[in-house]
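Inspection log for the structure reproduced underneath, given as structure tokens.
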């Protein structure tokens, strides 16, 4: 695997650059290949990981791994001191703390002074209001703590890993228990927090309590408070709690519509959710033991991680009423063997069944799409057939399904990043409607030997498959590129000079620099030299580490492991100076692991391009050749394409995109009747915006006005009349035009009359009861007075006596009178259409939704119906392409604003097509997410 490393420097250029479109600059790029591990995520989404894991990600307590926490025996010696605003004393194994206010927070630079002593009993005297973060962290000998009635809060990780504690009984004044406060106090079997109003996640992680009463002051609680607990058999709720109730040991919202917490130790194998419950809360059934199946009854929503790591077993049936499921809902439910989706859920959620290793069959029910990583790591799957109605999905859907052998995606149109990566057993893939296959889609699939792709295929990334996979594609217009990709390309040819003299001058200077740094000389390798010359030619078309056809530069030579490029330097001295003054390029030149090099220098249209290709072995030492002119064939893709990605891992941010543009140049700058000149197409290098001349057998030439100029197949223009003419050159996929103004030859007869050209444009107007006129004719040339004639028939036989005003279609002709210098002229026939105004109205013209402050995104989806009244003609609804990820609208105007939509203003366009009598009308519905 490769990691893309890109270095970019700019320095002022000297002198003008032929054909440049902007201020001259010099550019140098460097790229290397290194090892990297495939990583896959969606916006860093991760399920709950517990307090220790948070610490490992630098978000939790410091565990003093560099500090000796050996417990020293104090015998009867008394230890004492002050720490911040508190005093402490240790007598035997009893620690007494006194003072007023909150105890200080401890960290690696401000450790609690008693942290290394053998303390069994802690007495905190009246006056102390808060226990600080990490105050008793990892003091495993503590067996009891006496809390004062003045205490109001327990800090984060305050008693982390105090294994000797057996109970946590807090005074009624304690209202806040911090994150991980009693994490991994595994001997604790009793927890009482009567005055708590805030319990942070992981507060009692890994404790062994069997029951817990939610205090009256708690209005929000998560099962993650007890993350890692496997012993709780029932919950109760204190009298007076305004938010929760408990029934049979299970916690529900006050109105009974949300199941909030289910005990970790279930007493029943099958649980029927009460009929009035509509939602399963986040992590409600997390890590539940002894529960094999659930009857969802009337549930419509499953929260994030609702059954994460639970022991549900056998077949899971998701009822028809469930329409929304949060991330990680059933992740790591390893005892499930089958899944049946109902008709209500249309899209599976992120990591919904990730690492459910024993699932072997799936009934997709009413699903129309699969969310990212839905079945990642489901090693029990061996065969999958998706319904034809499923046309798209997220990335890595079946990634790492190591035993999957056969996959049939009957309706799938695209295969996303790493969808089947690490599917080691995959041998049979059927994608009859696929259009696009993205990067790493089938990476690390050693059993896949060949695949047949349909005629609908439009693009296959060069790294979608291993280079050893045989791709049989029924779309014969696609051309192979890179390692093993397919895309639409056309071939152009460029002519330039390969300058071997300058190339070997660069070699000399490279080895001089290496000698200064005590490094052995590089050898000019025959293969790398040829590759570097080809790549230098490539730079004239696309200045980039991406090849002109969109492939990685490393596809040019399997022995190349690094590349430097440059453009517009004219000498070996100047290009080496640029490279040596740029960190990335200098590192390549002075890399101690490199033994071989190829240097390319290409001259075309006044510009030099330079390339260094580095290797770690020498196949054959190159002999210096004579400078020579060459014709190099280059493939360029159809339409916009992205830079080649040289890492197998996920890409962050947007990759750079390129689009080839063209310009027509002529070999003269004045255009006169009776003269001739030549036109040629020039490619504009999208990486540096210089003009690159080329030839192609695909170029066709046209003139839009042969009365002014004609052009032959070789681009030769003949001017035959005065006026403006547009000359267009077309290649296979591209075109460019130039408009020329042709003047009369001064020697020609100046007294000859000219015929003007009159042109009318069609016009549609709204009926008002008043007379309507067409817009004035566009006149080219000299013309006399112009009159407009209106008719009621297309053949212009039935002339109207005056301007029309009734609803209908009318036909208009403009006629110019002759003068001494111009002939009479008649325009084209144009339509004047009078229609009534469309009466369409919308019930809903705007909506506003609030995002979650923590994420800046919507916490749930929203739907509404636009509602159209009095529309004339067919009504259609549409959403801008960039907004489709978040906003969808049905043919009947039902709008869905998806969960996770970021802040912004979105619009739904409503259009009534109109009729023969009524005009079309367009209105906008504004959706503001803030």
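Given the residues 732, 674, 721, which is the only one that is at positive phi and out of contact with any helix residue (DSSP H, G or I) (no Cβ under 6 Å at 6 or more places or on another chain)? Result of the check over 732, 674, 721: 674. Evaluate the following for residue 638: is it touching a helix residue (DSSP H, G or I) at 6+ places or on another chain (Cβ under 7 Å) and touching a residue at least 40 places away in the same chain (Cβ under 8 Å)? Criteria not met by residue 638. Comparison of 844, 851, 833, 812 shows that the only residue that is under 51 Å from the mean Cα position of the chain (by Cα), farther than 30 Å from residue 875 by Cα and surrounded by 14 or more Cβ atoms within 10 Å (Cβ to Cβ) is 851. With respect to the conditions (1) within 26 Å of residue 488 (Cα to Cα); (2) under 23 Å from the mean Cα position of the chain (by Cα); (3) at pLDDT 95 or above, residue 400 falls short on a single one, namely (1). Across the stretch 608-617, the number of residues qualifying as in contact with a helix residue (DSSP H, G or I) (Cβ under 9 Å, 6 or more places away or on another chain) and over 20 Å from residue 572 (Cβ atoms) comes to 1. Only one of the numbered conditions (1) over 29 Å from residue 814 (Cβ atoms); (2) in contact (Cβ under 8 Å) with a residue 40 or more places away in the chain; (3) part of a loop (DSSP other than H, G, I, E, B) is violated by residue 677, and that is (3). Does residue 629 satisfy the condition of being buried (at least 16 other Cβ atoms within 10 Å of the Cβ), out of contact with any helix residue (DSSP H, G or I) (no Cβ under 6 Å at 6 or more places or on another chain) and either farther than 30 Å from residue 707 by Cβ or outside the structural domain of residue 503 (by the TED database) (or both)? The answer is no for residue 629. Residues of the stretch 469-479 that are over 17 Å from residue 638 (Cα atoms) and either modelled with pLDDT under 95 or outside any loop (DSSP other than H, G, I, E, B) (or both): 470, 471, 472, 473.
For the stretch 796-809, does any single residue satisfy the condition of being outside the structural domain of residue 876 (by the TED database), surrounded by 14 or more Cβ atoms within 10 Å (Cβ to Cβ) and under 17 Å from residue 756 (Cβ atoms)? Among the residues of the stretch 796-809, not one is outside the structural domain of residue 876 (by the TED database), surrounded by 14 or more Cβ atoms within 10 Å (Cβ to Cβ) and under 17 Å from residue 756 (Cβ atoms), which makes the answer no. Taking the stated definitions as given, is residue 394 modelled with pLDDT under 95 and either within 26 Å of residue 304 (Cβ to Cβ) or under 26 Å from the mean Cα position of the chain (by Cα) (or both)? Against the criterion (modelled with pLDDT under 95 and either within 26 Å of residue 304 (Cβ to Cβ) or under 26 Å from the mean Cα position of the chain (by Cα) (or both)), residue 394 qualifies. If you filter the stretch 726-756 down to residues that are closer than 30 Å to residue 832 by Cβ and at pLDDT 95 or above, you find that the one that is surrounded by the fewest Cβ atoms within 10 Å (Cβ to Cβ) is 739. As a summary of the residue check, residue 662 satisfies the conditions (1) part of a loop (DSSP other than H, G, I, E, B); (2) within 30 Å of residue 569 (Cα to Cα); (3) within 34 Å of the chain's Cα centre (by Cα) except for the one numbered (1). Tell me yes or no: at least one residue of the stretch 159-172 is touching a strand residue (DSSP E or B) at 6+ places or on another chain (Cβ under 7 Å), part of a loop (DSSP other than H, G, I, E, B) and closer than 15 Å to residue 221 by Cα. There is no residue in the stretch 159-172 that is touching a strand residue (DSSP E or B) at 6+ places or on another chain (Cβ under 7 Å), part of a loop (DSSP other than H, G, I, E, B) and closer than 15 Å to residue 221 by Cα.
As a summary of the residue check, residue 252 satisfies the conditions (1) outside any loop (DSSP other than H, G, I, E, B); (2) under 16 Å from residue 313 (Cβ atoms) except for the one numbered (2).
Consider residue 529 carefully, then state whether it is over 30 Å from residue 641 (Cβ atoms), touching a strand residue (DSSP E or B) at 6+ places or on another chain (Cβ under 6 Å), touching a residue at least 60 places away in the same chain (Cβ under 8 Å) and buried (at least 18 other Cβ atoms within 10 Å of the Cβ). No.
Give the stretch 388-401 a look and list any residue that's assigned to a loop (DSSP other than H, G, I, E, B) and surrounded by fewer than 16 Cβ atoms within 10 Å (Cβ to Cβ), or say none. Those that are assigned to a loop (DSSP other than H, G, I, E, B) and surrounded by fewer than 16 Cβ atoms within 10 Å (Cβ to Cβ): 388, 389.
Which condition from (1) surrounded by 16 or more Cβ atoms within 10 Å (Cβ to Cβ); (2) touching a strand residue (DSSP E or B) at 6+ places or on another chain (Cβ under 7 Å) is the one that residue 272 breaks? All conditions pass for residue 272, except number (1).
Looking at (1) at pLDDT below 95; (2) over 35 Å from the mean Cα position of the chain (by Cα), which is the only condition residue 287 fails? Status for residue 287: all satisfied but (2). A residue that is outside the structural domain of residue 718 (by the TED database), part of a strand (DSSP E or B), touching a helix residue (DSSP H, G or I) at 6+ places or on another chain (Cβ under 7 Å) and modelled with pLDDT of 95 or more occurs nowhere in the stretch 570-577. Scanning the stretch 92-117 for residues that are outside any strand (DSSP E or B) and more than 15 Å from residue 137 (Cβ to Cβ) yields 92, 93, 100.
For the stretch 403-420, a residue qualifies if it is in a loop (DSSP other than H, G, I, E, B) and more than 22 Å from the chain's Cα centre (by Cα), and the qualifying residues are 403, 404, 405, 410, 411.
On the basis of being modelled with pLDDT of 95 or more and farther than 22 Å from residue 238 by Cβ, does residue 130 make the cut? Considered against the rule, which asks whether it is modelled with pLDDT of 95 or more and farther than 22 Å from residue 238 by Cβ, residue 130 comes out as yes. Being without any contact (Cβ under 8 Å) to a residue 24 or more places away in the chain and either surrounded by 20 or more Cβ atoms within 10 Å (Cβ to Cβ) or within 18 Å of residue 227 (Cα to Cα) (or both) is a property that holds for residue 250.
Listed here are the strands (runs of 3 or more DSSP E) enclosed by the stretch 698-739 that have at least 1 residues being closer than 21 Å to residue 684 by Cα: 700-703, 723-730.
The values are calculated or read from the model by the stated rules, or taken from the named source; none is laboratory data. Worth saying up front: this structure is predicted, and the values here are computed from it rather than measured. Neighbour counts are summed over all protein chains in view; Cβ atoms, including those assigned to glycine, are modelled from backbone coordinates with ideal geometry.
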